[in-house]
Structures are given as structure tokens and as C-alpha cells.
Amino acid sequence: MHWQGLPLSMLLPIGAIATLAIVGLYFLRLHRRTVPVPFVKLWERVLRDEDASRLFSRIKRLLSLLLQLAILALLLLALADPRSSSAGAEGRHFVVLVDASASMQATDVADEGAKRTRLDEAKEEVRRMVQGLGGSDRMLIAQVDAHVTPLSSFTSDVTELTRALDRLVATDTRADLHGALRFAGDVLQGLPSPEIVLVSDGALSLPSENEVSLGDAKLGFVPIGKRGRNVAIVELTARRYPLDRDRYEVMLELFNAGSEAEEVELRLLGDGNVIDVTRLRLEARERLPRFYPNLTGAREELMAVVKVADGTQDDLPADDRAHARLPEVKRARVLCVTEGNTYLEAALLLASYLDVTYVTPDEYAAVEGRFDVTIFDGVTPEVNEGSGNLLYLDPEGPHAPLGVGEPTLANVGFDRIDKKSPLLRWTSIEDAFVAKARKLSPRPGDQVVGASERGPLLVTGTREGKRFVALGFHPKDSDLPLRVAWPVFMLNTLNDLAAEDSDFLSSYRTGEVWHVPVPSDAERVIAIDPSGTERHVPVQDGRAVLFGSRAGIHTLTDESRSLQLRFAANLADPEESSIEPVTSLTIAGRNAEPAPSFDGSSRKEPWVWLLIAAILLGSIEWFTFHRRVTV
């Protein structure tokens, strides 16, 4: 026998003081007041009857005292919470890992018309475990998604464990099983009878024996889920054409995660308006990309929605839609440093979304403002801070981005070109004739886009964070301006150099740390997720830093609500969209066993019964006293 409540060192003084108080009150209750009465002869018979029953009266009054002392003893035992030694030795320590990843939002466990998810089923399974815990068992419940979050301490308190279950919420991320098992191993280290119970549908990345060590802990698995019919959008990106910002292109990818072919309907919406509707057939496990070029009709947001064509619902609604944001429509600012070049000016007139500023080489040093692209026409000055990316036509001198020599190449052409380069798209620049050119000397990391047999003529690369394109001859020294390739080359180059900020993402992926650019000097901003939940997030180097766990449209704002920056996030995880449930797992080289028994037969709480007994005895004592049985 051992005590799990108050120690004996505290109970003995409490019991002694309470016993003395009860006995003292008992004797005070026996003291009677003397009252003189007349006609003694009339009371002699009564006194004789009383003498005859005095012994019985004393026994009754002693019974009242014994009942009070018994009540005190029961209360003291309840405070001590006595347990048998065998019950203490059999106590187990459980870490229950509940999968709360995106796949646990699947509705395949729901009855007809019910809104029940796999996570709801998992909660019921764990609730049965909690109700069946033994009196000496201890349990810790942890939520497993992209992180591991303990929701309770090691306890056998049913109320605390039930509250922990109520805090379980599925997220739009995958589950970090590696981290969860390491967490469970750490908290179970040194505890007797350790057991890990995983409650999941099995849509997990399983660790190997070298990645995770389970030690002496037993491993149990509670499978969740019935089927795995699911069609998902696993990719959605969009970008505007830099020189025609009213138009954009969209790339998305569909994935049939089920084991049977599906007829689906795919809708593309821009700002809530339908842009395109397509019916497709996806074979089992097929991934199908779709490309939409030259689209119009959306200014801010795009959304793709896929559904099964027969009108039924697949088992995971979380990946049936995806969102994307389009960057703000703005004109590309181009600075042209030239002494005058009609061919160049004519090519720049072809692009309606160019805002071109012309300056002479002498005026360049005093130019203020920021530009997306600067064109140096036959000059190579020191580059200003706000010049953006750079296009050099016939560079020379110490400020050239790469080594150049005197015009030593004569009567050459483009013998070798990189046909995959966006600079040469839709051109036949290999037909151009160059009377004289400089031999360019690219640095390591630069890309030679076009070259003659005697040296490079067109090179691109990066210098001090700025991209550049260098043409090793002046267009006037060739027949290139007389060809269609000249304006196409110029538009391709500006299109590439004036492309949207590479930091802009049309959509983010959940389960990652997001660095979202914000036009604010604040040290922190308020992030509002698609459910409307707000939280403060820090701003570092002009970017809001937050972990993404929800798919949909998010908003960043400040305390004054003057900033309203919206961005999109999607699940975009084929592995998480593969929701076919499994019934057995092999983790770290060990086969997971069925969940241990939780029948509650070993859950004995003696203090509860002792308290009930004390209440019953107290009721008996009160009743007998007021009925004058024990008086």
C-alpha cells in the first residue's frame, strides 16, 4: 500500500486536532442544566424508568461519537488517496500523437449528409482511450502537423485530457512524424512502461531506423480512414507579361490521387468571374499540367476550382481549390542613355507599357529616381544606384561589366546561339551580319547567349545584384536594325530585364516560413488568415515573417489598418493529397502494433469511494441525531 495524496506527516496532525475537537464537542453536548421542579413524588417513577434505561442511553450516545470519528477517518483516508502497491507498479506512460495534417480533413468517415472528418474520428478514438485509462496510468496528448504541439501534461485527469482533445484542429500542412517521434522519445525517457500511440490515416513520410530511435517505448497505431478518392490542384502560379500588364499567363497542375480514373470539371476564375471551364479525364495517379497563355479579365486574384464531373464530392475538399495573386499593374520605367539612335527609339515605341526617359551621357550622373532598366547606347559610365537592370550596346572602358577589347572582330555573325534563352525567342538573329564587333570576355557564372566562331557577341549575367545583358557591337555596325529580329530582340530583352520583382510570389506553399515583402517601416504587422484569426508577426528587412498553416487569401495590415496587403497560399502537396488510408505502419524498422488496451478495469480511485462512504455516514448520523435515536 502506498499513498498518492497528502503524506502521513500532514495527515496525522490534522487527524489528531480534528479528533480532539470532535471529542470535546461531544462532552460539551452531554452537559445538562439543573432545573428545580415541584412535586418530587410525581417524578420518582420517571427517575426510576430513567435509571433502568441509562445504560442503553449511554451506548446510543457513544454510537454517535463513533460515527463522527468514523466520518473523520474516512475523510483523512480520502485525502491520503491509498493505492495498492501492485496498482502503482502497473502504471503506464502514454504519448498519444494525433495526426492533424491536411489529409485528416478528409470526409470519408462521415455518414450521408454528416460533416465529419478523419480528425473527428481520431478525437473519438483518443477519447475512448482517456476514459479507459488505469488509475496509475499517465497520458500526454500532442498535435502533429508541421510542428509538434503538446496539448496536455502527463496526467490521468480525464478533464484535462478531454480539454486537450477539444483544442485539436487540423491544418493545411503535412505532418512532421520525424519530429513527433523524437519529441515522444525525449519526454518518455526514464519513465516506466513507456508507450507511443500514433492516431493517423497513415498519409505520412515515414522515418527510417537511422533517423529516429524509439528506445524501449512500445509503438501502437490507430488507423483512421476508409477510402482515398481525391482530385487535387497541386500547383497554381500566374504572372503578368512585363510589357503588356493587362495580359497574364497561368500554370496549374491537377493530380488524381485515387485508384480509379475520374472525369472532372476545372474552372478558372478571375476576380470572381469565370474565365475558363474545361472537362478533363484523369487516369489513376495521373498528374496533368495545364497552361493558359494570354489571358485577360483579372486585375488582382485568380482561383482554380476542380470538382468531380458526376456531381459527387471527393474525400478531401481542402485541395479542390487554389488561389493566386497578380502583381500590381504598373508601367516599366526605362532610362535610355544615348546621343541619339533612331533605330533604338523606334523599337522602344512598340511597347505600350514602357515609360521611357532619354538622357545624354553627360546628364546621366545627375539623374534621380528609380528605373527598372537602363540602356547604355554606345557608352559605359559608372552605374547609378537607381538604374535597375542594365542593357549595354557596344560596352567599353573600365566600367564595362565584363572584359572587352578593341573592335577586332570583322565580318562575323552568330554562329552559335542559345535557342532556349528568352532573349532570342521568336528571332532569327543567326542571319544577322556584323561588320565589326568587340570580343567579350565573360566571367565565371556569366551565360554566353550568342557567339561567332571567334568569340562571344551576346552575354548575360549578374553584377552586384543587378542583371545585365551586353551586346558586343553597336547595332549601327550591323544589318540587325534592318531585320525583324531587332525590335523582337529589344522587346525580349526588356521583357526579361523588366520582369516583375523576383521576390513576388503569386502564391505561397503552406507548411513553410513565409517572407512576404511589405511596404511599411513598422517592426511588426498584423496577419489575418482566411478564417479571420489575427496575430502579430515581425518585419525583418522589409519582409513579414510568419509560418503558413492555412490555405486561402491572407491579409497583412498595420495597427491603423491603412496597409492592406493580400497574398495567396495553397496546400500544393501531392503527398498530402494522397489520402488512401493504411492499416499498418513500419516506423524506424519496427512494425506498429494495435493500440494497447484501454478498458478502464485498472482505474481504481479509492478516494472517491471513501468520500462517498463519509457522506453516507454523515447522513446517517444527522438523521439519527435529529430523530433522537442517538441522543
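The values are calculated or read from the model by the stated rules, or taken from the named source; none is laboratory data. Remember, predicted model here, so these are calculated numbers, not experimental data. A quick note on method: Cβ atoms are made from the backbone with ideal geometry, for glycine too, and the neighbour counts reach across all protein chains shown.
Could you grab me the full set of residues in the stretch 209-244 that are under 30 Å from MET129 (Cβ atoms) and in contact with a helix residue (DSSP H, G or I) (Cβ under 7 Å, 6 or more places away or on another chain)? Within the stretch 209-244, GLU211, VAL212, SER213, LEU214, GLY215, ALA217, VAL222, ILE224, GLY225, ASN230 qualify. Taken over the stretch 383-400, the criterion of being more than 16 Å from ARG370 (Cα to Cα) and among the charged types (D, E, K, R) is satisfied by ASP394, GLU396.
The conditions of being surrounded by 21 or more Cβ atoms within 10 Å (Cβ to Cβ) and either assigned to a loop (DSSP other than H, G, I, E, B) or not assigned by TED's automatic domain parsing to the domain that holds VAL187 (or both) are not met by LEU140. The condition (being assigned to a strand (DSSP E or B), touching a Ser or Thr at 6+ places or on another chain (Cβ under 6 Å) and of a type outside the set (Val, Ile, Thr)) is satisfied by just one residue among LEU302, LEU280, LEU266: LEU266. Of all the residues that make up the stretch 381-398, how many are under 22 Å from LEU423 (Cβ atoms) and not hydrophobic (A, V, I, L, M, F, W, C)? So the answer is 7. The residues of the stretch 531-569 that are within 14 Å of the chain's Cα centre (by Cα) and on the phi > 0 side of the Ramachandran plot amount to a single one, GLY552. For the stretch 379-401, the set of residues classified as part of a loop (DSSP other than H, G, I, E, B), over 17 Å from THR460 (Cα atoms) and either acidic (Asp, Glu) or more than 45 Å from the chain's Cα centre (by Cα) (or both) consists of VAL379, PRO381, GLU382, GLY397, PRO398, listed by residue number. Yes or no: ARG467 touching a helix residue (DSSP H, G or I) at 6+ places or on another chain (Cβ under 8 Å) and closer than 20 Å to PRO398 by Cα? The answer is yes for ARG467.
Rundown of residues vs (1) outside any loop (DSSP other than H, G, I, E, B); (2) at pLDDT below 95; (3) not aliphatic (A, V, I, L, M), yes/no style:
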residue: ALA73; (1), (2), (3): yes, yes, no
residue: LEU76; (1), (2), (3): yes, yes, no
residue: LEU79; (1), (2), (3): yes, yes, no
residue: SER86; (1), (2), (3): yes, yes, yes
residue: VAL96; (1), (2), (3): yes, no, no
residue: THR107; (1), (2), (3): no, yes, yes
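When the stretch 247-263 is filtered for residues that are surrounded by 16 or more Cβ atoms within 10 Å (Cβ to Cβ) and part of a strand (DSSP E or B), the ones remaining, listed by number, are TYR248, VAL250, MET251, LEU252, GLU253, LEU254, PHE255, ASN256, GLU262. Condition (residue is aromatic (Phe, Trp, Tyr) and farther than 26 Å from THR586 by Cα) applied to the stretch 134-154: is it met by at least one residue? Yes, some residue in the stretch 134-154 is aromatic (Phe, Trp, Tyr) and farther than 26 Å from THR586 by Cα. If you take the residues in the stretch 389-409 that are modelled with pLDDT under 90 and closer than 16 Å to LEU480 by Cβ, which one is surrounded by the fewest Cβ atoms within 10 Å (Cβ to Cβ)? Going through the qualifying residues, I end up with PRO407. Is it true that some residue in the stretch 202-214 is crowded, with 22+ Cβ neighbours inside 10 Å and not in a helix (DSSP H, G or I)? Yes; the residues of the stretch 202-214 include at least one that is crowded, with 22+ Cβ neighbours inside 10 Å and not in a helix (DSSP H, G or I).
In the stretch 539-559 there is at least one residue matching the filter, namely being closer than 28 Å to SER520 by Cα and basic (Lys, Arg).
Just the residues that are basic (Lys, Arg) and either under 28 Å from GLU195 (Cα atoms) or in a loop (DSSP other than H, G, I, E, B) (or both), please, taken from the stretch 566-590. Residue satisfying the conditions is ARG590 alone. One residue stands out among those in the stretch 350-370 that are surrounded by 15 or more Cβ atoms within 10 Å (Cβ to Cβ) and within 30 Å of TYR248 (Cα to Cα): the one that is farthest from the chain's Cα centre (by Cα), which is TYR358. Yes or no: TYR343 assigned to a strand (DSSP E or B), assigned by TED's automatic domain parsing to the domain that holds VAL449 and aromatic (Phe, Trp, Tyr)? No: the conditions fail for TYR343. Among the residues making up the stretch 402-415, those that are outside any strand (DSSP E or B) and in contact (Cβ under 8 Å) with a residue 60 or more places away in the chain are LEU402, PRO407. Looking at the stretch 533-548, is at least one residue under 29 Å from ILE233 (Cβ atoms), of a type in the set (Gly, Ala, Ser) and in contact with a Lys or Arg (Cβ under 6 Å, 6 or more places away or on another chain)? For the stretch 533-548, residues under 29 Å from ILE233 (Cβ atoms), of a type in the set (Gly, Ala, Ser) and in contact with a Lys or Arg (Cβ under 6 Å, 6 or more places away or on another chain): absent. Residue-level check: of (1) at pLDDT 80 or above; (2) over 30 Å from ILE224 (Cβ atoms), SER57 misses just (1).
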